[in-house]
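Undergrad: Please see the structure below; I have some questions.
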Amino acid sequence: MKRYRRLVPSTSRLIAFSAVAKTGNITAAADLLGLTQAAVSRQLRELEDFIGRPLAIRSSKGVRLTQARQRLIAELPGALDQICDAVEAAAAPENSSSLTVFCDHSLTTTWLSRKILEFERQHPEIKVQVLSSNRRPSVFAGQFDLAVLYGRPDSGTFQSKPICPDRVFPVAAPSVLATLPAEKSLDALLDYPLLDISETRRDWLTWPDFLKAHGIAKPPKPKTVFDSYAIALEAARLGHGLLLGWELVIENHLADGSLQSVGPWSLDCPGGLRLHFNHGQMIEPASIFMQWLCPSDETEVSG
């Protein structure tokens, strides 16, 4: 608890910072929150004092967030949503029909959000809450009913059912793509910055996995490694290097052209996207959601 008191600022300051980051303007953030500009400015300043470094550069054109804000703003919306969901769940009647789904940040904001919207339109009596994190699901044991993950789960207590296949392939921003040689080869890509995610998650493929599958036995270590795919994805969109793109996650970026495929190479995701569950603790809303999302009878027990 002492660590919380030392490292966790007040929620009002975090909410103000999130609103400023979203709108890029203190006036717009104040309107969004129903506060005065002075109140939002004060909360932002107090958060900077708490952290001990500037988070925003003010100018007549608005507010530009500093590099120090990257991890904080990537994690903050999901963390605030998680707190709200927990409070709502605690305040809900005992007989309320709801379930909680664990999912990675990057999938939550893209693929899963659309699926939940479709499900709630067909089942308005069931409320779906999302526990979104880039940490291992085992860290949140007992806090969710179902988990949406790639491949096999990291706990032997779960079973899984296939949702859909997915594939991985190199992608880059147009500015990076323009610097690549006309005749591309995987070996040539190794001369460019490779963006990757930490190998602590079993459900995400990394550059070494991909390159070894394509015959490069001793691939170099990626230049930059992130602990969140969402942050790595943003770095790729800003032109910082080459990233392995998961088709379900990046389809909107491919559609708007902010990311483009690099070369003909791809790799099917082992096991595809799967729904993981504990059959012995299945509540009825979770069972209904599982049958809707995974009509197949195929079930795999984790090892």
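Undergrad: Over the range 167-268, what relative contact order in percent results from Cα pairs under 8 Å that are six or more residues apart?
TA: After rounding, I find 51 percent.
Undergrad: Follow-up question, since we're still on this one. Rounded to the nearest 0.05, what FRET efficiency is calculated for residue 46 and residue 279 with R0 set to 45 Å and r the Cβ-Cβ distance?
TA: With a Förster radius of 45 Å, E is 0.40.
Undergrad: Checking a compactness column here: for the range 167-268, what do you get for Rg(Cα) / (2.2 N^0.38 Å), N being the number of residues?
TA: My calculation over the Cα atoms of the range 167-268 gives 0.97.
Undergrad: Need one number: nm distance between label points at residue 186 and residue 164, each 7 Å from Cα along Cα→Cβ, rounded to one decimal.
TA: If labels sit at residue 186 and residue 164, their model points lie 2.7 nm apart.
Undergrad: Ok, one more. In the range 210-303, which trypsin sites (Lys or Arg not before Pro) are in a loop and have at most 14 other Cβ atoms within 10 Å, using DSSP for the loop call?
TA: 223
Undergrad: To continue, here is another question. Take peptides 101-114, 30-43, 136-149 and line them up by average Cβ neighbours within 10 Å, highest first, as a rough protection proxy. Walk me through the numbers before you get to the answer.
TA: On the way: 101-114: 20.5, 30-43: 16.2, 136-149: 17.9.
So the peptides 101-114, 30-43, 136-149, ranked by packing, come out 101-114, 136-149, 30-43.
Undergrad: Given R₀ = 35 Å, what would the calculated FRET efficiency be for residue 268 paired with residue 114, taking r from the Cβ atoms and rounding to 0.05? The partial results should precede the final answer.
TA: Working: r = 22 Å, r/R0 = 0.64.
That gives a FRET efficiency of 0.95.
Undergrad: Let me ask something else. Among 292, 207, which comes first, second and so on when ranked by fewest other beta-carbon atoms within 10 Å?
TA: Going from sparsest to densest Cβ surroundings: 292, 207.
Undergrad: I need the trypsin sites (Lys or Arg not before Pro) found in the range 127-191, filtered to DSSP loop residues with at most 15 other beta carbons within 10 Å of theirs.
TA: Listed in order of number, the matching sites are 135, 184.
Undergrad: What is the extension gain from residue 39 to residue 198, computed as 0.36 nm multiplied by their sequence separation minus the C-alpha to C-alpha distance, in nm to one decimal?
TA: In short, 53.4 nm is gained.
Undergrad: Suppose each label sits 7 Å from its Cα in the direction of the beta carbon; what would the residue 143-residue 57 distance come out to in nanometres?
TA: Between residue 143 and residue 57, the simple spin-label model gives 3.5 nm.
Throughout, read-outs are computed from the coordinates displayed, never taken from laboratory work. Because the structure is predicted, anything quoted here is derived from the model rather than measured. Glycine gets a Cβ as well: all are built from the backbone with ideal geometry, and neighbour counts include every protein chain shown.
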